[in-house]
1. Roughly how big is the chain's charge dipole about its Cα centre, with Cβ charges of +1 (Lys, Arg) and -1 (Asp, Glu), in debye to the nearest 20?
2. Taking 1 over the mean of 1/r across every pair of different Cα atoms in region 78-158, what Kirkwood radius in Å do you get?
3. Just the Cα atoms of region 64-105, one point each, no solvent: what log10 I(q)/I(0) does Debye give at q = 0.28 Å⁻¹?
4. Where does the chain land at 222 nm, in deg cm²/dmol rounded to the nearest 500, when only DSSP H runs of n ≥ 4 count, each adding -39500 (n - 2.57), divided by all residues?
5. Per the Cauchy relation, a quarter of the hull surface: what is the mean projected area of the convex hull of the alpha carbons in the chain, in nm²?
6. Mind checking the full-extension length gain between Arg50 and Ile169? Use 0.36 nm per residue of separation minus the Cα-Cα distance, one decimal, nm.
7. Cα centroid distance between region 130-178 and region 38-54, in Å?
8. Compute the distance in nm between two label points, each set 7 Å from the Cα along the Cα-to-Cβ direction, one at Thr68 and one at Arg134.
Amino acid sequence: MGRYGIFLLLICCCMSIGTTALSIQNPNSSPPNHFEDYGACPFECCTYRRWTVNSATVFYKQRSTSSTVIFRASKGQQVVGLTGVVITLQPGKAIVKKATTLDRTRKVRVKAGDVLYILHYEGEGIYKFWFRGRIYEDYMPSSPNESSEYIQMISKPQTVWWVKVKNQIGQVGWSKQTDHFDNVDACG
């Protein structure tokens, strides 16, 4: 292949990369079908620290119940919550009722009829949501029966929260049995 062929190949590759980058920011693109929020702790005062196991719990090598079991913990044992991942399996949906600006940090203007795709709850009434190719955070009503002046929740997202913990002998594993731990809530 000559210089001209290499030049054309490079141009095509650059155009392909540019098109891919633009499609991520495309305001008409669909919301993510599967969204993973690493490090998320999905409720008020949620914190990763020393936890007490309140029910027999299984810990896996990877975030899958078909993965190898690394260890098991019994009620009363101590583990350290290292981090977690909130996975949105199916986004929820909210409809804007009245024009407003959402997300105090990133500020996005929405108008009546706009659809917000809810990714997961973060705490204090705040939800992470997808709108026109970007992810934002703001207050949302907490159920389809609830409404604010600006937003009507239509459906809640389907999520799973996997936590990565370390036991007293240094073994590290994942569990989605997140209700099996005490001391996760720093406020209670």
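1. Around 480 debye, computed over the chain.
2. Roughly 13.1 Å, rounded to one decimal.
3. Taken in order of the listed q values, log10 I(q)/I(0) reads -1.19.
4. Helix contribution divided over all residues of the chain: -4000 deg cm²/dmol.
5. 15.8
6. 41.5 nm
7. What the calculation gives is 13 Å, centre to centre.
8. Computed distance between label sites Thr68 and Arg134 equals 4.4 nm.
FYI, it's all coordinate maths here, none of it is from the lab. Because the structure is predicted, anything quoted here is derived from the model rather than measured. Cβ sites come from the backbone with ideal geometry, for glycine too, and all protein chains shown count toward neighbours.
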